[in-house]
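Here the structure comes first, spelled out in structure tokens, and everything after it is commentary.
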Ligand code: UT7
């Protein structure tokens, strides 16, 4: 059975930097740098311009990852894409990326799979991609985490709790087969649907007939509570800490290693305080944790692959390192993974 390792990484963030003060000023939101920075660690985030969506950002990250792996689109056997801000309801965003990258070719109809697991989407995707590669059926799986949050945020004082957290961006990796003794060693995934409504964005209600009420002209009418994401932040925070710690401990226990044996932790970037709390509970020194939430906010499925690409380019993530990852988010869904880089 081959091992599955990451042969290339890439990321893309839009140029528009929105600082906390700028968020308040530009959108007339009653918030400020001190509140956001103190509660979340976020200093700024990126917003995509009108006309740029999730597939475009995912495709740019993917191009980098393919090149970094020394491959071309012809070598990719599968696209797996995680997002909570898809291009549309259906089809999935993977096919838009496939088309954007010119994969759609009569000789090469690369299959596309969308993963809808929000903040843990990348780790669900990693488990899926690694299983496919280890199973022997696929040599190179392009795994993308991409989000265009800003176009679907309630950028007003009413929506400030959620709007101050999220940013746009995409990360991509190539999960490749190897006979070398390295790569993804272990992963664990979990979900608890009892909390499905604790962080969600409905947009419509499919139980209604019709799913979106219409006016006389046939135009859809969506109430603000349906249109925008709703979150009980304190519940999310509490469960995130608990599940990220226990799932990290689970993968370490399954691999028969201790937390101290891990060289670098790449945690989901939802709130710096969550990561600091985990770090303190597990006694992890500062130089073993890489965070970038201060610059990008929460890019949901994009956080871990963006971190990975940046850490690799900055020389923080080096060959031979043992890497621990953990994420938690809407669903609730969560996961952790261990990998030898
Ligand atoms: O990937 C998963 C995604 N989500 C998360 O991980 C979120 C986890 N939760 C959190 O990070 C925190 O719960 C938040 C940072 C979202 C909120 O922090 P909190 O300490 O739980 O604040 P809160 O929601 O209880 O709000 C405290 C106060 C409220 O005012 P009052 O009612 O006490 O007068 C809010 O209206 O802070 C107010 N507030 C703000 N003030 C200025 C909420 N958002 C803002 C804001 N600027 N952006």
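Please tell me the relative contact order of segment 3-181 in percent, rounded to the nearest whole number, where contacts are Cα pairs under 8 Å and at least six residues apart. Could the numbers behind the result be given before it?
Values: 393 pairs, mean separation 63.7, N = 179.
In percent, rounded to a whole number, it is 36.
222 nm [θ] for the chain, helices only, -39500 (n - 2.57) per DSSP H run of 4+, per residue, to 500? Write down the numbers at each step before the final one.
On the way: 11 runs with 109 residues, N = 341.
Using -39500 (n - 2.57) per qualifying helix, the result is -9500 deg cm²/dmol.
Who wins for biggest fluctuation among 318, 139, 74 in a Gaussian network model of the chain, springs between alpha carbons below 10 Å?
Taking springs between Cα atoms under 10 Å, the residue moving most is 74.
Let me know the whole percent of all Cα-Cα pairs from segment 88-171 that are separated by more than 23 Å. It would help to have the intermediate numbers written out before the result.
On the way: 1247 of 3486 pairs.
Cα-Cα pairs of segment 88-171 separated by over 23 Å account for 36 percent.
Looking at segment 3-181, send over the antiparallel percent of its DSSP beta bridges, to the nearest 5.
Numbers: 22 of 31 bridges.
That works out to approximately 70 percent antiparallel.
For segment 240-291, just say rounded, prolate or oblate: build the C-alpha gyration tensor, square-root its eigenvalues into a ≥ b ≥ c, call rounded for a/c under 1.5, and beyond that prolate if a/b exceeds b/c, oblate if not. Numbers along the way, then the final one.
On the way: a/c = 1.95, a/b = 1.33, b/c = 1.46.
Oblate is the answer for segment 240-291, as a/c is 1.5 or above yet b/c matches or exceeds a/b.
Between the alpha-carbon centers of segment 1-43 and segment 49-68, tell me the distance in whole angstrom.
Taking the Cα centre of segment 49-68 as reference, the centre of segment 1-43 is 17 Å away.
Using Cβ contacts closer than 10 Å as the measure, can you line up 241, 133 from fewest to most?
Details: 241 18, 133 27.
If I rank by nearby Cβ atoms, fewest first, I get 241, 133.
What number, in percent, do you get for the relative contact order of the chain if the mean sequence gap of Cα pairs under 8 Å and at least 6 apart is divided by its residue count? Each step should come with its number before you reach the end.
On the way: 820 pairs, mean separation 87.8, N = 341.
In percent, rounded to a whole number, it is 26.
Run through the DSSP bridge list for the chain and note the antiparallel percent, rounded to the nearest 5.
Values: 41 of 56 bridges.
In the chain, approximately 75 percent of DSSP beta bridges are antiparallel ones.
At q = 0.12, 0.17, 0.19 Å⁻¹, what log₁₀ I(q)/I(0) does segment 3-181 have when each alpha carbon counts as one equal point scatterer in the Debye sum?
Log10 of I(q)/I(0), two decimals: -0.58, -0.98, -1.14.
Starting with the highest mean, order 177-183, 31-37 by the number of other Cβ atoms within 10 Å, averaged over the residues of each peptide.
Working: 177-183: 14.0, 31-37: 15.6.
Those peptides, ordered most packed to least, come out 31-37, 177-183.
With springs only between Cα atoms under 10 Å apart, run a GNM on the chain and tell me which of 274, 206, 66 wobbles the most.
206
Step by step: find N for segment 112-158, compute 2.2 N^0.38 Å, then divide the Cα radius of gyration by it. What's the final number?
Working: Rg = 15.0 Å, N = 47, 2.2 N^0.38 = 9.5 Å.
Output field value: 1.58.
Take 138, 296, 277 and order them by how many other Cβ atoms sit within 10 Å, fewest up front. Walk me through the intermediate numbers first.
Working: 138 21, 296 25, 277 16.
Fewest-to-most Cβ neighbours within 10 Å comes out as 277, 138, 296.
Please compute the volume of the convex hull spanned by the alpha-carbon atoms of the chain and report it per residue in Å³.
Working: hull volume 48.8 nm³, N = 341.
So the per-residue Cα hull volume is 143 Å³.
Looking at the chain as a GNM with Cα springs under 10 Å, which of 190, 82, 331 has the largest mean-square fluctuation?
190
In what order do 88, 252 fall by count of nearby beta-carbon atoms within 10 Å, going from fewest to most?
Working: 88 11, 252 21.
So the ranking, lowest neighbour count to highest, is 88, 252.
Just to confirm my numbers, what's the Cα centroid distance between segment 205-283 and segment 113-148 in Å?
With segment 205-283 and segment 113-148 each reduced to a Cα centre, they are spaced 18 Å.
No value in this document is a laboratory result; all are computed from the given coordinates. What you see is a predicted model, and the numbers here were worked out from it, not measured in a lab. Cβ: placed from backbone, ideal geometry, glycine included. Neighbour counts: every protein chain shown.
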